[in-house]
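See below for the structure under consideration.
Derivation of every value follows stated rules applied to the coordinates shown; laboratory data play no part. Bear in mind that the values here come from a model prediction, so they are computed numbers and not experimental data. Ideal geometry is used to build each Cβ from the backbone, glycine not excepted, and the neighbour counts take in all protein chains shown.
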Amino acid sequence: MVENVIWPAYLDADLPRSEGRRIPMELAVSEPTVDEIAQAVQQVGYDAVIEREKVYPREYEPRGRVLVKDAGDATKSDLLGATAAYLDALR
């Protein structure tokens with residue numbers, strides 16, 4: 001079973017791609033939390049586990065991360081795009 005990791009920086013509209021954002025600016029949201037990301041992942045249809053004390057290597061403060069268990073045949077970019085779309089709808 002492969003776990004995909006989603007760091008909040010991947011979806012953060014306040015960060016440029018050089019600092020970790022992985023999706024287009026049109027899909028990004030400002031300062032996403034791991035709780036919002038986990039809720040969006042569950043809306044997409046995957047199981048999510050929150051790890052709060054983890055620090056993204058390009059940041060200094062812990063914002064946590066979300067582990068997505070067994071995303072099937074979806075690529076990581078597909079998973080991030082679907083998560084970002086639901087994240088925007090949740091706000």
Taking region 71-90 and the residues there that are under 15 Å from the mean Cα position of the chain (by Cα) and in a loop (DSSP other than H, G, I, E, B), the one that is surrounded by the most Cβ atoms within 10 Å (Cβ to Cβ) would be ALA71
Can you work out which of the residues in region 43-65 that are within 11 Å of the chain's Cα centre (by Cα) and under 18 Å from ALA13 (Cα atoms) is surrounded by the fewest Cβ atoms within 10 Å (Cβ to Cβ)? GLY64
Set VAL29, VAL49, VAL55: member being without any contact (Cβ under 8 Å) to a residue 12 or more places away in the chain and more than 18 Å from THR75 (Cα to Cα): VAL55
Can you find even one residue in region 34-43 that is part of a loop (DSSP other than H, G, I, E, B) and out of contact with any Lys or Arg (no Cβ under 6 Å at 6 or more places or on another chain)? no
Top-ranked residue of region 14-32 - restricted to ones that are within 13 Å of the chain's Cα centre (by Cα) and crowded, with 16+ Cβ neighbours inside 10 Å, ranked as farthest from LEU90 (Cα to Cα): GLY20
From the set of residues in region 1-32 that are hydroxyl-bearing (Ser, Thr, Tyr) and out of contact with any helix residue (DSSP H, G or I) (no Cβ under 7 Å at 6 or more places or on another chain), which is farthest from GLY81 (Cα to Cα)? SER18
